[in-house]
Amino acid sequence: MTHGADDSSARTGNPVRGSVEAHVLANLGLLASLRPQVYEPHHEVLKRELDVVRLEEAARRQGLESIRMDPLVRVLQDESRALGFFKNMSSRVLYLDRATTNRKHLTRRILARHDIPLARGLEARDADGLVEAFRAIGPPVVVKPVTGSGGTGVVTDITSLDQAHAAAAPVLAAGRGVLVEEMVHGVDLRISVLEGRSVAATLRVPANVVGDGRSTIAELVAAKNELRSQSDYLRHQPIILSEEKDRFLAHQGLTPASILPAGQRVLLHHVANLSAGGDSYEVHPFLHPEITALAERAASFFSSSLHAGVDILLERLDAPLDEQRAVVCEVNLNNEMPMHVYPMYGTPVPLDELELAAHWRVESTIPAHTLREESAPGAVTVHMDEVTELARPSYRPPAPSPSDGHALGATLRSLDNEYLLATFRSIDTDAEFAIPEGGLIHRRDGGNEQAAERYDRTVLAGEVGRNPSVMHRYARASGIRVMARHRLRSGQQERALELAGKPWRHWLLHTPRADGSTRTVRIESGDQLEEHWAAVEKSRATMVETPFDPACVLLMDATTLLAAQLRVPLTIVGDGRTGLGELVEHHVAARRAHAPLASLTTRLNTPELLTSRHLDPGTVPAEGEQVQIGRSPMLSDGAATVGLNALPWPGLAELAARFVGAIGSDGVATVAFVPRRRDATNATWALWRYHSEPPLALFHSPLHGPGYDPYPAIARRVLQGPTRELAVI
């Protein structure tokens with residue numbers, strides 16, 4: 001158990017002898033009274049699903065209703081209120097805390113700001129920085145990516161620059177930084193803190209076996225794996241005898257065929273994580289109070305989460321901090337609750353019951369009526385002539401960008417950063433601002449520095465925005481109409497053809513490829529579907545209804561509407577003189593000269609656009625005639641942004657507020673609706689997309705119509721909202 005060795009993917013440069021075994025054996029001597037636990041399997045789910053399944057079971061025992069949104073997402077509710085969970089992170093956990101704990105260098109800076117003991121370490125962003133960090137820290141060191149989890153990319157016991165370069169090269173090549181930290185030898189402890197109090201602690205011991213004088217090491221491993229297989233948690237994490245473990249045994253003069261004397265314990269490697277086959281001991285009663293107090297302090301700086309798992313490396317479980325070396329390694333908000341529910345040794349802690357009770361006590365819950373379909377507002381209908389009139393494009397030559405002075409072709413995120421930094425500097429002239437991390441804002445004023453998050457979103461809101469399936473289920477549970485999604489398997493061709501043949505419906509057919517990627521084709525007729533059905537018969541597919549008409553996108557601040565705009569499929573208006581090819585070129589040129597859309601225009605090709613619609617570029621539309629070239633309101637398909645002075649359909653704002661309220665997020669987001677036609681002229685608005693980190697420059701500078709400047713409101717929200725204090729470097 002060495003600093004940084006926290007997953008089976010971690011690699012050891014040189015075997016570390018003596019001190020690791022000594023620390024392990026000394027602490028296991030304190031735990032001699034703990035007996036192996038025997039479990040009966042109950043849950044045939046993946047390891048990552050076990051958190052939310054256990055919470056769901058605890059909720060049902062308390063009489064709560066559960067709504068399944070996804071294998072990893074549940075909503076638990078009673079008659080008056082509800083609470084969402086992504087894994088075991090509730091709908092109150094801020095992305096700010098998740099982002100800072102996922103970025104190891106920021107976790108270090110937050111903990112260092114409050115004098116939490118850490119291993120000495122430095123961040124490196126390139127090869128030169130790696131050399132400087134290695135020489136400043138001195139070998140042996142650990143190299144790990146600054147972002148990531150599960151120990152992926154962690155390399156321990158590095159004693160030379162060549163080893164350091166080899167460890168860091170894949171991470172640096174991917175454009176990420178690494179941390180170079182001193183190697184700290186000790187035992188690996190995970191303490192779970194709930195509502196500011198430590199309630200459980202797991203000692204993680206590297207995979208090992210104890211001899212009985214008769215069995216080989218391989219047979220002892222098989223027996224231990226049989227014990228692990230009875231646990232819903234540990235059965236996913238068997239001990240695997242690999243070449244690496246063979247080499248480790250060889251350094252001890254052993255092989256998998258060796259027979260150990262009775263009572264002799266042999267480590268199979270030094271990686272303490274349970275996913276590498278490690279043993280788990282529930283040891284909270286054995287801990288010195290100063291150790292639990294250290295964990296409680298470390299967790300307190302990430303206050304939106306009621307619970308956290310704090311990883312500590314230390315020499316003794318029962319010794320005060322001034323008598324040993326102890327450092328905090330990580331703080332985990334997704335802290336694997338089943339680790340404590342299913343220990344191999346020691347008394348299980350019902351952390352599922354404890355966490356649910358704690359979360360249910362908080363006030364920031366969701367009114368249950370927002371997730372009851374019968375209490376939903378009625379459908380918001382629209383006459384398509386209203387949409388067509390507002391979306392009518394006007395012929396114009398290429399115009400200068402409405403964002404003069406901003407680089408054409410810059411990404412939308414870069415433009416947002418530029419606008420937002422300028423707004424910060426105009427509001428707070430005494431501070432310095434930077435945006436070094438995606439979505440995080442750093443403010444420095446003299447000797448103080450804080451990190452904030454621009455959208456004030458929650459972790460659950462981010463998952464809803466990332467996962468269309470979860471978004472659809474949230475909408476349906478809230479009584480909000482959505483674009484259709486259908487899962488198809490072999491033998492369902494008749495059903496699929498029925499869907500493809502429905503009038504006013506367009507579809508995207510998603511089928512998996514052998515390499516794990518997804519193949520997407522547009523389906524506008526039964527004939528097209530039949531051409532691609534062979535791929536469905538081989539595997540499975542999803543047919544997703546896709547809009548053909550303009551979308552209405554609402555920018556929301558929690559449940560308050562800030563602005564609205566239309567996203568209009570590429571449509572041109574004839575002048576009676578100019579051919580289609582030239583008219584489309586005018587549109588594409590206008591987008592290229594428009595900063596917010598320029599980066600989304602690079603792949604637009606006029607001949608391809610016209611060919612896809614079977615149109616002749618030489619055709620001259622009559623004056624005033626509208627020709628829709630684009631197939632969707634997606635900006636990447638050439639759609640235009642049209643600002644609106646007011647929202648013509650007030651019921652949409654009510655639906656958007658209901659949807660974000662059901663998620664429980666008070667942040668800034670966009671909610672997009674599209675007309676779902678009943679016939680040629682009448683439609684009902686349906687939810688299309690939800691974006692928890694929307695590009696704001698699109699509202700600031702639309703291609704047509706009035707703009708809305710969101711940056712002052714965003715800046716004030718950031719300056720007045722939650723922050724995390726950072727050590728100044």
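The values are calculated or read from the model by the stated rules, or taken from the named source; none is laboratory data. Since this is a predicted model, take the numbers as computed values, not measurements. Backbone-built Cβ (ideal geometry, glycine too); neighbour counts: all protein chains shown.
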Report task. State whether the residues of segment 170-191 include one that is touching a Leu at 6+ places or on another chain (Cβ under 9 Å), among the small types (Gly, Ala, Ser) and over 30 Å from LEU254 (Cα atoms). Result -> no
Query - Which listed residue is at pLDDT below 95, buried (at least 21 other Cβ atoms within 10 Å of the Cβ) and farther than 30 Å from GLU296 by Cα, from ALA207, ALA173, ALA168 - result: ALA168
Query - Hits in segment 174-191 - residues which are in contact with a helix residue (DSSP H, G or I) (Cβ under 6 Å, 6 or more places away or on another chain) and not aliphatic (A, V, I, L, M) - result: GLU182, HIS185, GLY186
**Report entry** Every residue from segment 526-546 that is among the hydroxyl-bearing types (Ser, Thr, Tyr) and either at pLDDT 85 or above or assigned by TED's automatic domain parsing to the domain that holds ARG631 (or both)
**Finding:** THR542, THR546
Requested in this report: Inspect all residues belonging to segment 627-634 and state whether any of them is part of a helix (DSSP H, G or I) and touching a residue at least 24 places away in the same chain (Cβ under 8 Å).
Outcome: no
Requested in this report: Just name the residue that is nearest to THR381 (Cα to Cα) out of those in segment 451-489 that are among the acidic types (Asp, Glu) and not in a loop (DSSP other than H, G, I, E, B).
Outcome: GLU463
**Report entry** Residues located in segment 201-222, provided they are small (Gly, Ala, Ser) and touching a residue at least 12 places away in the same chain (Cβ under 8 Å)
**Finding:** ALA201, ALA207, GLY211, GLY213, SER215, ALA218
Query - Restricting segment 548-573 to residues that are touching a Ser or Thr at 6+ places or on another chain (Cβ under 9 Å), under 30 Å from ILE714 (Cα atoms) and not aliphatic (A, V, I, L, M), the residue that is surrounded by the fewest Cβ atoms within 10 Å (Cβ to Cβ) - result: PRO569
Requested in this report: State all residues of segment 209-244 that are of a type outside the set (Asp, Glu) and closer than 15 Å to PRO338 by Cα; if no residue qualifies, say none.
Outcome: ARG228, SER229, GLN230, SER231, TYR233, LEU234, ARG235, HIS236, GLN237
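Here are some residues: ALA136, ALA119. Which one is crowded, with 16+ Cβ neighbours inside 10 Å, at pLDDT 90 or above and among the aliphatic types (A, V, I, L, M)?
Sole residue among the options that is crowded, with 16+ Cβ neighbours inside 10 Å, at pLDDT 90 or above and among the aliphatic types (A, V, I, L, M): ALA119.
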Requested in this report: Could you run through segment 270-285 and say how many residues are touching a strand residue (DSSP E or B) at 6+ places or on another chain (Cβ under 8 Å) and either of a type in the set (Phe, Trp, Tyr) or on the phi > 0 side of the Ramachandran plot (or both)?
Outcome: 1
Report summary line: Scanning segment 647-663 for residues that are surrounded by 22 or more Cβ atoms within 10 Å (Cβ to Cβ) and within 22 Å of the chain's Cα centre (by Cα), the one farthest from VAL380 (Cα to Cα) turns out to be ILE663
**Report entry** Filter result for the condition that a residue is out of contact with any Cys (no Cβ under 9 Å at 6 or more places or on another chain) and closer than 20 Å to THR156 by Cβ, over PRO145, PRO36, PRO71
**Finding:** PRO145
Requested in this report: Output the qualifying pairs, or none if there are none: Cβ atoms under 8 angstrom, residues six or more apart or on different chains, first residue in segment 432-455 and of a type in the set (Phe, Trp, Tyr), second residue assigned to a strand (DSSP E or B).
Outcome: PHE433/ILE441; PHE433/HIS442; PHE433/ARG443; PHE433/ARG444; TYR455/VAL668; TYR455/ALA669
Report task. Can you give me the number of residues within segment 273-288 that are part of a helix (DSSP H, G or I) and surrounded by 24 or more Cβ atoms within 10 Å (Cβ to Cβ)? Result -> 2
Query raised in the report: For segment 588-610, what are the residues that are in a helix (DSSP H, G or I) and touching a helix residue (DSSP H, G or I) at 6+ places or on another chain (Cβ under 9 Å)?
Result: VAL588, ALA590, ARG591, ARG592, ALA595, PRO596, LEU597, ALA598, THR606, PRO607, LEU609, LEU610
**Report entry** Where GLN626 falls short, out of the listed (1) buried (at least 16 other Cβ atoms within 10 Å of the Cβ); (2) farther than 30 Å from ARG92 by Cβ; (3) touching a Ser or Thr at 6+ places or on another chain (Cβ under 6 Å)
**Finding:** (1)
Query raised in the report: In segment 399-423, which residue that is polar (S, T, N, Q) and in a helix (DSSP H, G or I) is modelled with the highest pLDDT?
Result: THR423
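Pick out the one residue from THR152, THR156 that is modelled with pLDDT under 90, surrounded by 22 or more Cβ atoms within 10 Å (Cβ to Cβ) and not in a helix (DSSP H, G or I).
Just a single option satisfies the conditions, and that option is THR156.
Residue-wise test of (1) aliphatic (A, V, I, L, M); (2) out of contact with any Phe, Trp or Tyr (no Cβ under 8 Å at 6 or more places or on another chain).
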{"site": "GLU244", "(1), (2)": "no, yes"}
{"site": "GLY253", "(1), (2)": "no, yes"}
{"site": "GLY263", "(1), (2)": "no, yes"}
{"site": "VAL266", "(1), (2)": "yes, yes"}
{"site": "SER280", "(1), (2)": "no, no"}
{"site": "GLU290", "(1), (2)": "no, yes"}
Query raised in the report: Given LEU652, LEU635, which one is touching a Cys at 6+ places or on another chain (Cβ under 7 Å) and of a type in the set (A, V, I, L, M, F, W, C)?
Result: LEU652
Query raised in the report: Tell me, which strands (runs of 3 or more DSSP E) lie completely within segment 33-131 with 1 or more residues that are farther than 30 Å from ARG325 by Cα and among the charged types (D, E, K, R)?
Result: 65-70, 73-77, 81-86
Query raised in the report: Is it true that ALA166 is outside the structural domain of GLY309 (by TED's automatic domain parsing), out of contact with any Leu (no Cβ under 8 Å at 6 or more places or on another chain) and of a type in the set (Gly, Ala, Ser)?
Result: yes
Report task. Return only the number of the condition from (1) within 28 Å of ARG522 (Cβ to Cβ); (2) buried (at least 17 other Cβ atoms within 10 Å of the Cβ) that SER612 does not satisfy. Result -> (2)
Report task. Among the candidates ALA680, ALA640, single out the residue that is among the aliphatic types (A, V, I, L, M), farther than 27 Å from THR429 by Cα and surrounded by fewer than 18 Cβ atoms within 10 Å (Cβ to Cβ). Result -> ALA680
Requested in this report: Being out of contact with any Lys or Arg (no Cβ under 8 Å at 6 or more places or on another chain) and in a loop (DSSP other than H, G, I, E, B) is the filter here, so list the residues in segment 159-177 that pass it.
Outcome: THR159, SER160, ALA174, GLY175, ARG176
Query - Condition broken by PRO512, with the remaining ones in (1) farther than 26 Å from VAL380 by Cα; (2) in contact with a Gly (Cβ under 7 Å, 6 or more places away or on another chain) satisfied - result: (2)
